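The block underneath contains the structure these notes are about, expressed in structure tokens.
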Amino acid sequence: MSDFGTVLESGTRLLRGLPRRRAHVAQARREAAAWAAGHPGVQAQLVVDERPGTPVVDFDLLLEHPEGGTVALTAQADDGVPWLIDHSTHWAAGQLVTVDEVHLSVAQALTMIRSLSRRDTTPHDEIVDQCLILNEIAADDGPVPGEELQAAADEFRRGRGLHDRASTLAWLAEMGMTPEQFEDYIGGIARRRSFRRRKEAELGPARLAARPGDFDRVRAVWITGPERAVTGAVAELAVLGDKGTAALAELDGEIETVIAERFAVDLPAVLADAAPGAVAGPVPHGGGFLAGVVLDRTAARQDERTLAAAGRAAFTEWLAGRRREATVEWHWS
Amino acid sequence: MILILSDRRDDAVELVLPKLERRGARVTWWDPGDFPARGRLTAAFAGGGHRIVLDTGAERLDLSEVRAVWRRRPNAPAPGESVTEPSHRRHAIWQAEFLLDGVWELAPARWLPSRRDVERRAHNKIIHMAQAAALGFRVPETVYTNDPAELVPAYERAGGDLIAKQINSDEFTVDGADHRAYTTVLNRRHLTSRHRLQHEPVILQPYVPKAVELRVIVVGERVFAAEIDARASRTARDDWRHYDDDRVRYAAHRLPDALERACVELTASLGLTYGAIDLILTPDGEYTFLEINPNGAWGFVEQRAGLPVSEAIADWLVAADRAVDRAADNAVDRTAGDALDRTADHAAGDLADEKDGRS
């Protein structure tokens, strides 16, 4: 056999013995590099073909022919794996997450990311929440009322500064969406919004009745900042009721001050049930510290705004409960 | 009396049940997977006749009163948890399957889509593809083979646009993880492992260019066609079972009359009263047959394309139920089975015609 014939035979033996798994590619590269070092005349290079959606990989060995040109060598041993199985993909290939009955494809997730609120929660949690809602509306395939569609589209466009047709079309082009796909996409958002509103209206009254104190209207002042600064300013908070808010102007420059009226449930937790005049904190808060004082508190009343707040709180709690019960499987962890 | 044989979590049954109730039908939904663990079944022969009683745990059913059976997605029989020795479990399942097959054969009922053995035969792609070709469907040049030497010629005949599919779906794992063999579009890399073909046969077909894919649902003599346009989806464009609903468009589709009749004929010729036929409409307007699933999914055809399949199934079951009753009153001098089959077919057809407004 010629020298090159011997090299081919040896290269074939190498390829047949390489581990055909993504996790072992580094090992395969080391073995191929050692082999190449032993056959310097053929300039050997290993080509790794990592297929999507499967741990199985393929290899080729490129060799320089003695008379010039490249020889590509590929070889697979008969390991008894049938052909279609060798070329199969993981059942969830192309999918990001499964939440109960909803399988979210990577493409769907990328689309969904465009409509995430990015408020108070990680994208992971918000994607799961959206999937939970998709589970709830899976059977809802009736037409979306025109006004709901319009409201969802308006909100989406406002949120992205798409104030006219030209900017919207430019955005669609950038995202690779056709106007029809955009309409379907907005239809999906409108359905989820509509479900959320229905659920809030359904749960709100009972939530308000169960814990009306959560929906007291509370006027409060709270400060946040480094522990030393917040602790030093607590005395100023104690006299706010008597001297107005003028004392706040003297606070340490590192301190951030908020004066607001909120529903009790929307206040920093330490202030939610605090009596007027009593200083609460300092307590750890978002990497710093927080202290505050309630200026006055008005008992909850059953008006539209309060019911809406109760509905929002109830929906958040309902969703948290669903999240706890749901089966969530991330496929790309 | 209508008997539905299916898993208790079957959404398709949930879609049809309210329609049956609206039609005043008496319905029992039972999963043979409950037998023999919880259900009790007795076939008693005496005095030249027989009596078959099914006790589901919730009710006792005289199977001679069952006129229509919808065999949807029943689970296989399973013994109770206290039967733990594997060979005992296998033995119990084997006995249970025989009793079930026997009593279903004796029940004087019309079946949707068919009894188990007929469905199994019709499900075989080789059998139904031959039948479709015989009925004039356009069928892609197809090779079923485990001969490695067939791969490269098929690839070349297809001009490099070759797909591979499995002959029957089944579960398997790779490195312990569940994998699927979806429709695979071949490239030259696939040819380099041709020896693997020897281990199990596959289907090789030229890639059929598609304007849209179609799922055609046949219920008795009624036909519903949904088009599935997956061209906008990178995930689903080669196999819509990847389900990418944001990018896949579903819509009702009007088939040419002759093709619609051929779909009914194909279904009936396989001994079925229901079938889900997959076709491709090519960009040049040709309809190409892929396969028929005797119990294939139709929920998305109703929900995404707005086609009233559940109503049609309810119509068929109720018509079969009532037709058999009428026929049983009249058919004293005829062979019961044949006469009942014909009468039920006609009754279902009449009802379908009424709903479609056809004369």
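Selection of first residues in region B:180-204 that are free of Cβ contacts under 8 Å to residues at least 12 places away in the same chain and of second residues that are of a type in the set (S, T, Y) and outside any loop (DSSP other than H, G, I, E, B), restricted to Cβ pairs under 7 Å at least 6 apart or on distinct chains, gives the following pairs, ordered by first then second residue: B:R180/A:T89. Against the list (1) touching a residue at least 40 places away in the same chain (Cβ under 8 Å); (2) in a helix (DSSP H, G or I); (3) of a type outside the set (F, W, Y), the condition B:R38 fails is (2). When only residues in region B:170-188 that are surrounded by 13 or more Cβ atoms within 10 Å (Cβ to Cβ) and more than 8 Å from every other protein chain (Cβ to nearest Cβ) count, which is nearest to A:D60 (Cα to Cα)? Going through the qualifying residues, I end up with B:L186. Of the residues A:F182, A:F215, which is aromatic (F, W, Y) and touching a residue at least 40 places away in the same chain (Cβ under 8 Å)? Of the residues listed, the single one that is aromatic (F, W, Y) and touching a residue at least 40 places away in the same chain (Cβ under 8 Å) is A:F215. Here is the figure for region B:128-156: residues that are in contact with an Asp or Glu (Cβ under 9 Å, 6 or more places away or on another chain) and loosely packed, with under 13 Cβ neighbours inside 10 Å total 0.
Of all residues in region B:260-284, those that are in contact (Cβ under 8 Å) with a residue 60 or more places away in the chain and over 17 Å from B:A312 (Cβ atoms) total 12. Of all residues in region A:156-172, those that are closer than 13 Å to A:F182 by Cα have Cβ atoms under 8 Å from Cβ atoms of residues that are surrounded by fewer than 16 Cβ atoms within 10 Å (Cβ to Cβ), 6 or more apart or on another chain, in A:R157/A:H163; A:L169/A:P179; A:W171/A:R160; A:L172/A:T178; A:L172/A:P179.
Meeting the requirement of 3 or more residues that are within 14 Å of another protein chain (Cβ to nearest Cβ) and closer than 28 Å to B:D170 by Cα, the helices (runs of 4 or more DSSP H) wholly within region A:1-105 are A:83-86. Considering the conditions (1) surrounded by 18 or more Cβ atoms within 10 Å (Cβ to Cβ); (2) charged (D, E, K, R); (3) away from chain B (no Cβ under 14 Å), A:E202 is excluded by exactly one of them, (1). For the residues A:A28, A:A72, A:A34, A:A109, the requirement of being touching a Leu at 6+ places or on another chain (Cβ under 7 Å), over 22 Å from B:A177 (Cβ atoms) and not hydroxyl-bearing (S, T, Y) singles out A:A72. Pairs meeting the criteria (first residue in region B:114-129 and more than 21 Å from B:S6 (Cα to Cα), second residue modelled with pLDDT of 95 or more and assigned to a loop (DSSP other than H, G, I, E, B), beta carbons under 7 Å, at least 6 apart or on different chains) are B:H128/B:L270; B:M129/B:V139; B:M129/B:T142.
Residues are listed down the side, and each one gets a yes or a no for (1) surrounded by fewer than 17 Cβ atoms within 10 Å (Cβ to Cβ); (2) modelled with pLDDT under 85; (3) over 30 Å from A:E136 (Cα atoms); (4) within 35 Å of the chain's Cα centre (by Cα):
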position: A:T231; (1), (2), (3), (4): yes, yes, yes, no
position: A:G286; (1), (2), (3), (4): yes, yes, yes, yes
position: A:E317; (1), (2), (3), (4): yes, no, no, yes
position: A:S333; (1), (2), (3), (4): yes, yes, no, yes
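All of (1) under 30 Å from A:A93 (Cα atoms); (2) modelled with pLDDT under 95 hold for A:A75 with one exception: (2).
Of A:A314, A:A269, all but one fail to be more than 22 Å from A:R228 (Cα to Cα) and among the small types (G, A, S); the exception is A:A314. Scanning region B:189-205 for residues that are more than 9 Å from chain A (Cβ to nearest Cβ) and in contact with a helix residue (DSSP H, G or I) (Cβ under 8 Å, 6 or more places away or on another chain), which turns out surrounded by the most Cβ atoms within 10 Å (Cβ to Cβ)? Of everything passing the filter in region B:189-205, B:L204 is surrounded by the most Cβ atoms within 10 Å (Cβ to Cβ). If the condition is being of a type in the set (A, V, I, L, M, F, W, C) and crowded, with 17+ Cβ neighbours inside 10 Å, then region B:157-169 contributes B:A158, B:L162, B:I163, B:A164. From the list A:E227, A:E200, the one residue that fits, being in the same structural domain as A:A264 (by TED's automatic domain parsing), in contact (Cβ under 8 Å) with a residue 40 or more places away in the chain and out of contact with any Leu (no Cβ under 7 Å at 6 or more places or on another chain), is A:E227.
The values are calculated or read from the model by the stated rules, or taken from the named source; none is laboratory data. Every value quoted in this text rests on a predicted model; they were computed, and no experiment measured them. When we count neighbours, we look across all protein chains shown, and the Cβ atoms used for this are built from the backbone with ideal geometry, even at glycine.
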